[in-house]
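Worksheet: the structure to be examined is printed underneath.
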Amino acid sequence: MFSRLLLFVLLLAGAGSAAAQTRVVASLPAVGAIAREVLGAEGTVTVLAPPTQDPHFVDGKPTMMLALNKADLLLDVGLGLEQGWLPPLVTGARNPRIQPGQPGNLDVMSLVQRPLEVPASLDRSLGDVHAGGNPHFWYDPRRVQEVATGIAERLAALDPGKAATFRKNAAAFRKRLDAKIAAWEKEMAPFRGRSLVPFHKSLVYLEDWLGLRELATVEPLPGISPSPSHLAGLILRMRKVQPPPVVVAEPWYNQSTARTVAEKAGAQLVTLPGDVGGTPDTGDYVAWMEMVLARLRTGLEEAK
Ligand SMILES: [Zn+2]
């Protein structure tokens, strides 16, 4: 199938022309949303993964390879997040600009100053999809600010004539976030020290930002489905915590498992909106974070 795809890609690439506008491809919607803020009107951003799919396990499509073939800059999260699906698309796209190590290829986790859960040594033997460290930075807007700055610098290096615009756009986005961060921290302050049970280990940056605790995750390890005995042990631990911890799950995780855990532990279940654009009111990063925090607050308020 890949060779037919490749032929299709090459035929279209032959018709290519010099682009005045920068073409950015982002692996995930959250990364694309940050890139859009920085790029402004100076180019286009194509996002590969749909906002409703588990970012660790995305179905590769021919259209993704086409977008990669024409890209000037590929932004991915890195730390192995896209390990299971992106590398064959990047290779198959036959675009030398975006291959690993090239200026047109940027792992945005490399821009995050304090990555969490980075292990002393890499070990995938248990099937852990976070073996390189926790990649879910976009749940912390302060880290999103760092990523915006780094994306602006990379765009400036690729297109020095527009460097001032990219830096100005990134600064405006950071400023808008500064105001939001202050408001969000105030809204979430009453819940400091409260416990969460995320389905997946995706909320460590949010917890780090807002002073929330993580009792455990529904998955025994990132990317590993829970066994009945793991769930039974988890429910027993949850029952000992007052007020009860809130179970938090992205929509692509097994909602009936999440609901069962919450019900048996006497806890609330919060279903998050997925990635940016996963629900109608989450079209940009700020709107998405508003929704994440609104749902979380509802769950924390109702847990008694
Ligand atoms: Zn993950």
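Is there any pair linking a residue in the stretch 170-197 that is surrounded by fewer than 18 Cβ atoms within 10 Å (Cβ to Cβ) to one that is not in a helix (DSSP H, G or I), with Cβ under 7 Å and at least six apart or on different chains, and which?
Partner pairs satisfying both residue conditions: 192/211; 193/211; 193/213.
Within the stretch 18-63, track down each residue that is over 25 Å from residue 286 (Cβ atoms) and either more than 16 Å from the ligand (Cβ to nearest atom) or in a helix (DSSP H, G or I) (or both).
Result: 18, 19, 20, 59, 60, 61, 62, 63.
Do you know which residues across the stretch 236-284 are among the hydroxyl-bearing types (Ser, Thr, Tyr), touching a Pro at 6+ places or on another chain (Cβ under 8 Å) and in a loop (DSSP other than H, G, I, E, B)?
Passing the criteria: 279, 282.
Going by the conditions given, is residue 100 loosely packed, with under 14 Cβ neighbours inside 10 Å, of a type outside the set (D, E, K, R) and more than 29 Å from residue 235 (Cβ to Cβ)?
Against the criterion (loosely packed, with under 14 Cβ neighbours inside 10 Å, of a type outside the set (D, E, K, R) and more than 29 Å from residue 235 (Cβ to Cβ)), residue 100 qualifies.
Kindly provide the set of residues from the stretch 64-89 that are without any contact (Cβ under 8 Å) to a residue 40 or more places away in the chain and either in a loop (DSSP other than H, G, I, E, B) or surrounded by 23 or more Cβ atoms within 10 Å (Cβ to Cβ) (or both), ordered by number.
64, 85 - these are the residues of the stretch 64-89 that are without any contact (Cβ under 8 Å) to a residue 40 or more places away in the chain and either in a loop (DSSP other than H, G, I, E, B) or surrounded by 23 or more Cβ atoms within 10 Å (Cβ to Cβ) (or both).
Take the stretch 40-75 and flag every residue that is touching a strand residue (DSSP E or B) at 6+ places or on another chain (Cβ under 8 Å) and farther than 20 Å from residue 148 by Cβ.
Just the residues of the stretch 40-75 that are touching a strand residue (DSSP E or B) at 6+ places or on another chain (Cβ under 8 Å), to begin with: 42-48, 67-68, 70-75.
Hits for the stretch 40-75 are 67, 68, 70.
Would the stretch 55-63 turn up any residue that is modelled with pLDDT of 95 or more, under 17 Å from residue 137 (Cβ atoms), buried (at least 16 other Cβ atoms within 10 Å of the Cβ) and not hydroxyl-bearing (Ser, Thr, Tyr)?
yes
Hey, does the stretch 222-241 have a residue that's within 16 Å of the ligand (Cβ to nearest atom), buried (at least 20 other Cβ atoms within 10 Å of the Cβ), within 20 Å of the chain's Cα centre (by Cα) and touching a residue at least 12 places away in the same chain (Cβ under 8 Å)?
Yes, the conditions are met somewhere in the stretch 222-241.
Within the stretch 254-267, can one find any residue that is surrounded by fewer than 21 Cβ atoms within 10 Å (Cβ to Cβ), under 16 Å from residue 138 (Cβ atoms), in contact with a strand residue (DSSP E or B) (Cβ under 9 Å, 6 or more places away or on another chain) and acidic (Asp, Glu)?
No, the stretch 254-267 contains no residue that is surrounded by fewer than 21 Cβ atoms within 10 Å (Cβ to Cβ), under 16 Å from residue 138 (Cβ atoms), in contact with a strand residue (DSSP E or B) (Cβ under 9 Å, 6 or more places away or on another chain) and acidic (Asp, Glu).
Considering only residues of the stretch 36-71 that are in contact with a helix residue (DSSP H, G or I) (Cβ under 6 Å, 6 or more places away or on another chain) and among the acidic types (Asp, Glu), which is nearest to residue 271 (Cα to Cα)?
The extreme case among them is 37.
Report, ordered by the first and then the second residue, all pairs with beta carbons closer than 8 Å, sequence separation of six or more or different chains, a first member in the stretch 250-272 that is in the same structural domain as residue 226 (by TED's automatic domain parsing) and without any contact (Cβ under 8 Å) to a residue 40 or more places away in the chain, and a second member that is surrounded by fewer than 17 Cβ atoms within 10 Å (Cβ to Cβ) and of a type in the set (Val, Ile, Thr).
270/298
Please give the helices (runs of 4 or more DSSP H) falling wholly within the stretch 106-220 in which 1 or more residues are within 16 Å of the ligand (Cβ to nearest atom).
141-158, 204-210
Can you go through 150, 161, 133 and tell me which one is under 29 Å from residue 293 (Cβ atoms) and either of a type in the set (A, V, I, L, M) or out of contact with any helix residue (DSSP H, G or I) (no Cβ under 7 Å at 6 or more places or on another chain) (or both)?
That would be 133, the only listed residue that is under 29 Å from residue 293 (Cβ atoms) and either of a type in the set (A, V, I, L, M) or out of contact with any helix residue (DSSP H, G or I) (no Cβ under 7 Å at 6 or more places or on another chain) (or both).
Give me a count of the residues in the stretch 179-210 that are over 20 Å from the mean Cα position of the chain (by Cα) and not aliphatic (A, V, I, L, M). Quick ask: steps written out before the conclusion?
Let us first name the residues in the stretch 179-210 that are over 20 Å from the mean Cα position of the chain (by Cα), namely 179, 182-183, 185-195.
Okay, now just the ones that are also not aliphatic (A, V, I, L, M), so 185-187, 190-195.
Qualifying residue count, the stretch 179-210: 9.
The values are calculated or read from the model by the stated rules, or taken from the named source; none is laboratory data. Fair warning: this is a prediction, and the values are worked out from it, not measured in the lab. A quick note on method: Cβ atoms are made from the backbone with ideal geometry, for glycine too, and the neighbour counts reach across all protein chains shown.
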